[in-house]
Structure formats: structure tokens, C-alpha cells
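A.B. asks: My structure is below; once you've seen it, I'll send some questions.
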2 protein chains.
Amino acid sequence: LFHLTMAIATRFTRRFGLDAPIVSAPMGMLAGGRLAAAVTRAGGLGLIGGGYGNAEWLDQAFADAGNVPVGCGFITWSLARSPDLLDRALARAPTALMLSFGDPAPMAPAIHAAGVPLICQVQSVALARAALDAGAAVIVAQGSEAGGHGGDRGTLTLVPEVADLLAKTSPDTLLLAAGGIVDGRGVAAALMLGADGVLMGSRLLATPEADVPDGFRATILATAGDETVRTAVPDVARGYDWPPGFLARSIRTDFVDEWHGREGALADPATNPRERARYWAGFRSGDAANTVVMAGEGVGLVHSVAPVAEVFAAAVAEAEQLLAGAEARIRR
Amino acid sequence: LFHLTMAIATRFTRRFGLDAPIVSAPMGMLAGGRLAAAVTRAGGLGLIGGGYGNAEWLDQAFADAGNVPVGCGFITWSLARSPDLLDRALARAPTALMLSFGDPAPMAPAIHAAGVPLICQVQSVALARAALDAGAAVIVAQGSEAGGHGGDRGTLTLVPEVADLLAKTSPDTLLLAAGGIVDGRGVAAALMLGADGVLMGSRLLATPEADVPDGFRATILATAGDETVRTAVPDVARGYDWPPGFLARSIRTDFVDEWHGREGALADPATNPRERARYWAGFRSGDAANTVVMAGEGVGLVHSVAPVAEVFAAAVAEAEQLLAGAEARIRR
């Protein structure tokens, strides 16, 4: 029913041998081997979400991917504290290794030495320059629309500004757009902005292949785009030590509304253990009201739970229709 | 040198008889009659920036536009305090009347009675619903990338989500994208997202036709997209009583960096008169370091001061090139 009868070709799809210019965001703990493998099978590039790093989880994720080639992504500042995890991932010969949120320079040499393409996600032009210095083969320009951690630039301006930087200083470096891309409209728009492809995150949480409880999927379907916020609440609740400048876009669940703007009280030792237990209990059971569901503004465009293959086929078909009809907009 | 040899046709250009699907943002006090008329002559729809409302300024702006048809935009909550200004503008038979930042319902009947198309700018899906209730003929979905006042949704997600709302509930209402659109890439991307055209603001400050001092133009050229911030500083400095939810994206001049995050101190009666005088002196002389230059993230894509006709011709030509080449992205 959902075959890719056509495909979108960009420098990125040619470099990585793909049918769809779509990479799955390596959402920590949520993007496991099943999701990454499904993305690769659907014609894209699947990435396991190494997140804060957990050797057992990582091994399981690669095992779940089986013999389908997948890559892996890490939170840079966290990986710097567990450098052995990088070797563990590189030993699996990942399709690509993605780093985001921190200075990639210390990890880059090992990744280059392993012959694995380095993907760096950036949230500003300044970070794009640092990614180039680290020898990134692919830069992901992530706008603030994105779910989970990110910065404050918008996708619509960050992508062309990074594209201009690459054109001037490193034309062989590929560019992906991230943040707010959930369907073929976002894919086609990203190509117009100068990207060679896109990163897709929140949309893929509403698939059976994502490692999320059903309550999260239901919450994503029920949430409008106005109902997310960039907040420190999940990090303060969990006691995670994020560097300044990166907040986590999250659905405004009861938990978030209760603590957003009251992070000091949430961090208080008299409160935090109780709320941390509440967070994790809700996270594990899928009781969204009592935890944080990180997701982007694009949730307002997500209206169904569907297998990855179906999501990809629909996005590619919609993008193709828009691209094929684009010339008709010109009145000669 | 810069003739529109082709043009982009959308429902919006057909409805308003335009060659370019581009409306100039009615930037208060900065978008006068010369700018609006130049935009209309360049094939777009030019809007005078009525801003907070000043009868003399408004009369002068319409006089400066001469016999070129232009529209007019107001800050809704401010206009509600000076309803006579609306009649004054409607008496000029504007091409369109745009309202942003507040409930358009009280003003809508007079605008409809005058037979003038109502354009409502919105910063969320919730506000888009209110605009539909007020009978807007055109909705501008403004992303947070935009310069000056705005909300916190990103253009890339807000536009398709409002497009979906219109498709479902009011398919004849037209949709423009605003926020971060400064060149043909932004125009082409907006069309892919489902918009019928775009609103362009910051880019037009770097034209000889804008009512800005040269120092502002130089500052815009020198500013990268990372160097803007959404802030209350200009409103606190001026003593303007903005409703919650709307901050002004501004270039991080010395003045902004000094007071952003210290708005309470800036409002202090012991400080404010001095800083307000400094703000207006810098604003009038173009001494950007000592005032606020409201502009969007798109300034990182602005590299020249050029006449409006040239800006429009370049944007349309670039958009056309992208749209014409779009089908080639599909691999059959």
C-alpha cells in the first residue's frame, strides 16, 4: 500500500545511498533499534538515540536493529563524561555518528579515525562554525521548533544562514534541517531553504516502532502546536546538569504547567525526590499528565499513529507532489 | 536592470492583482508612504505602518504614497484606544487594513462596512481562530523569527497548522507567512508550507525607501542572525503598555544587552527618564548602540542596502529559480 514509487534525490541521498532525504532524530532512550532500523528500511537513515549514555541500553538498541545498518547519536556534553561509550558505538560500524549539544572537537578524532561520517547538530551559526572546525560531514541546523533540547533560532532562518556559510567556506559539507518537520510540506520547504534533507523527530514518536508508552502517543495526537514550551523542567526534575542555552521543548502537561517558571522550587531537596519519582513513574507508565513528554511544535500536524514506512511514504509522496507542482506557480 | 520578466501567481496575487506574492510589514513609524508605494510599484502590496497611531504621521504617510494604492496596518490594542484613527485610515480607501496584536473583533465591523479587506496577523492557532471569527479575508501567520513584536511559535510549523485550519473551516481565507522571510528561499519555502504569499519586514528596513536613519541600515547589515533577541526592553524603555505574550525581537545592541533581563531596573522612575531620552535620541539619530533596532533573525541573510524594486526582483527571481528546479529533485 505504501511503496515509494518515486524518491527524492539530493546530495545527501546520493552520499548515503538513500531513497528519502530523511534522518530520524536520535531521541535519547526513545529512538531505539527498532525505530532506527524501520527508518533505514523505509529509505531514510535511522539513528539510535544514545542520549546520556548507557552501555546496556546501547547494546540492546544495536541488537534490536539486527543487521539493518543504522547510525547513532549522542548528547555531546554527556558523552564527554563517558568516552568509552563512543568506542562502544564506533565498534558497531554505525552508518553515521551524530553529536549535539556541546563541543564536538574532543570526540571528532576518534570518529574520523573510525571512518564514520560525523553529523553535528547545531542551534546557531556560531555552533555551525565549531562543527566545521571539527570536520563534520553533515551539519544539522536545528530550529527552536524542535522537540527536546534545542536553542532559540528558528528553522526558517537558521537553515539558509548556515547554507550560506557552507557555500562560502565548506561547499562539500551537507546540510539537514531540523525542527518542526513532520510531513512533506516541511521536507519540500527545507529543500527550498537550501537543505539537502531533514531530521524528523516528534513525528516518529507516533509510530509503533518508537520506544514510548502508548500514553505518549495519545498525548502527541491530542496536542496542538500552541501547547508546547521550551523549559528546564524535565532537567531540573531529573537532576540533569545541562549547560546553559539548551532548554527542552515539551508538551504542556500538568507536570510542566505546575513547575515551569518555578524551577527553583522543583530543585529544592524538600521537593525534588518526590517529583523525580513522579516524573519517572509517569514516564515509564505513559501517564503523560504526571511527567514530561518532550515533543516539538510539529505535534499540531500529527494526527495519526502509523508505522514508520507509512509516515515516510506519505511525507515523500506529499513532498514530491509539492515539488512537481512548484513550477506551475510561475506565471510567464 | 531589475524588471520582473516572470511573476509568481497564487490565490493571493490573483485576488489583489499583484505580480509578487509579497506584502510589506506595516512596521510602525518605519514603514511610511514612500516604502509602501515602492512595494506596490514593485508588484507587491505596500502597507503603511500606522503603529501606535498618530494622525499627523498617518496623513503624511498617505500623502507620501501619492496616488499609488497602499494599505495600512495598526497595532490592534493601541488602535482600540484611538478608534478615530481607523476611520481616518479607512477614509483613504486603503487596499487593505491589517490588524495585529489584540482582538480584532471591535474594529472588524467598520472595516467590513468600508468594503476594505481585513488582514489579521496571528501568532498562534488560537489567534487564527479569533481572526476567522472577525471575518479576516487574509491571515498572516507570524513566526517568532520576525522582527518587532511577536509570539513564540516558529514560522515553519505555524504556517501549515493554520493552513490546515483554513482548509477545514474557511477555505476561501488566504494565508501569508511572516517571520524570517527575506529572500526567494523564504518565499519558495512559504509556498511549500501552504501559504499564498509572504509578509516581508526586516529586509525592507535596508532600503532607501524605509523611514530609518542610515545607522539602522548599517546595523542591520552588520548583524548576524544569532544576534537578535525577543525582549521587553524597548517597551519598558518607552513606557508602552503591551499586553502579555508579545515581546519585540530586537538586535542585541549595547542598549539591549545592558537592560535585557533587568527590565525592572529599567522601569524604575529613578532610571527610566534618562534611558527613555537616550532611547529616543539614539532612535532619531540612528545611533544604534544607544537605542533599540527591532529586526528579525533574517538580518543574517541581509547583505546589502538596495531599492525595494531590486529587493523584490531578486527575491522573485530566486523563488522562481527554486520553484522551476523543484521537480528535478524527484528521481523517478
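The values are calculated or read from the model by the stated rules, or taken from the named source; none is laboratory data. All values derive from a computational prediction rather than experimental measurement. Cβ coordinates were reconstructed from backbone atoms using ideal geometry, including for glycine residues, and neighbour counts include every protein chain displayed. What goes into the accessible areas is simple: the full protein's heavy atoms, side chains included, and nothing from ligands, DNA or RNA. Shrake-Rupley method; radii C 1.70, N 1.55, O 1.52, S 1.80 Å.
A.B. asks: Do you know which residues across the stretch B:218-228 are in contact with a helix residue (DSSP H, G or I) (Cβ under 7 Å, 6 or more places away or on another chain) and open to solvent by 20 Å² or more (accessible area, probe 1.4 Å)?
C.D. replies: B:T219, B:A224, B:D226
A.B. asks: Let me ask something else about it. Looking only at the stretch A:244-276, how many residues end up being within 19 Å of A:G179 (Cβ to Cβ), open to solvent by less than 60 Å² (accessible area, probe 1.4 Å) and part of a loop (DSSP other than H, G, I, E, B)?
C.D. replies: Qualifying residue count for the region: 1.
A.B. asks: Among the residues in the stretch A:138-153, are any crowded, with 24+ Cβ neighbours inside 10 Å, more than 22 Å from A:E297 (Cα to Cα) and modelled with pLDDT of 95 or more?
C.D. replies: yes
A.B. asks: For the stretch A:99-112, indicate whether the set of residues that are at pLDDT 95 or above, within 16 Å of the chain's Cα centre (by Cα), open to solvent by less than 20 Å² (accessible area, probe 1.4 Å) and closer than 21 Å to A:V311 by Cβ is non-empty.
C.D. replies: No; the residues of the stretch A:99-112 include none that is at pLDDT 95 or above, within 16 Å of the chain's Cα centre (by Cα), open to solvent by less than 20 Å² (accessible area, probe 1.4 Å) and closer than 21 Å to A:V311 by Cβ.
A.B. asks: Continuing with this model, one more query. Can you spot a residue in the stretch B:68-91 that is among the β-branched types (V, I, T) and within 25 Å of A:D226 (Cα to Cα)? Walk me through how you get there before you give the answer.
C.D. replies: Applying the first criterion (among the β-branched types (V, I, T)) to the stretch B:68-91 yields B:68, B:70, B:75-76.
Imposing the further condition that a residue be within 25 Å of A:D226 (Cα to Cα) reduces the set to B:75-76.
Yes: one or more hits.
A.B. asks: Only one of these is over 13 Å from the mean Cα position of the chain (by Cα), assigned to a loop (DSSP other than H, G, I, E, B) and touching a residue at least 60 places away in the same chain (Cβ under 8 Å): A:G43, A:G53. Name it.
C.D. replies: The match here is A:G43.
A.B. asks: Could you tell me how many of the residues in the stretch A:133-164 are in a helix (DSSP H, G or I) and within 11 Å of chain B (Cβ to nearest Cβ)? Before the answer, list the steps.
C.D. replies: Here is the first cut: in the stretch A:133-164, the ones in a helix (DSSP H, G or I) are A:133, A:155-164.
Those left that are additionally within 11 Å of chain B (Cβ to nearest Cβ): A:155-164.
Qualifying residue count, the stretch A:133-164: 10.
A.B. asks: Next question. Just name the residue that is nearest to A:V70 (Cα to Cα) out of those in the stretch A:19-40 that are open to solvent by 20 Å² or more (accessible area, probe 1.4 Å) and either over 13 Å from the mean Cα position of the chain (by Cα) or without any contact (Cβ under 8 Å) to a residue 24 or more places away in the chain (or both).
C.D. replies: A:T40
A.B. asks: Let me ask you something else. Can you find, within the stretch A:12-32, the residue that is farthest from the other protein chains (Cβ to nearest Cβ) among those that are touching a strand residue (DSSP E or B) at 6+ places or on another chain (Cβ under 6 Å) and in a helix (DSSP H, G or I)?
C.D. replies: That would be A:F16.
A.B. asks: Select from the stretch A:316-332 the residues that are touching a strand residue (DSSP E or B) at 6+ places or on another chain (Cβ under 7 Å) and either surrounded by 19 or more Cβ atoms within 10 Å (Cβ to Cβ) or away from chain B (no Cβ under 14 Å) (or both) and list them in ascending order.
C.D. replies: Applying the first criterion (touching a strand residue (DSSP E or B) at 6+ places or on another chain (Cβ under 7 Å)) to the stretch A:316-332 yields A:316, A:319-320, A:323-324, A:329-331.
Residues satisfying the conditions are A:V316, A:A319, A:E320, A:L323, A:R329.
A.B. asks: Just checking, does the stretch B:207-223 include any residue being aromatic (F, W, Y) and either free of Cβ contacts under 8 Å to residues at least 24 places away in the same chain or part of a loop (DSSP other than H, G, I, E, B) (or both)?
C.D. replies: Here is the first cut: in the stretch B:207-223, the ones aromatic (F, W, Y) are B:216.
Retained after the next criterion (residues that are either free of Cβ contacts under 8 Å to residues at least 24 places away in the same chain or part of a loop (DSSP other than H, G, I, E, B) (or both)): none.
Looking through the stretch B:207-223, none of the residues is aromatic (F, W, Y) and either free of Cβ contacts under 8 Å to residues at least 24 places away in the same chain or part of a loop (DSSP other than H, G, I, E, B) (or both).
A.B. asks: Something else now. So, in the stretch A:165-206, of the ones that are part of a helix (DSSP H, G or I) and within 7 Å of another protein chain (Cβ to nearest Cβ), which residue ends up most open to solvent (accessible area, probe 1.4 Å)?
C.D. replies: A:R185
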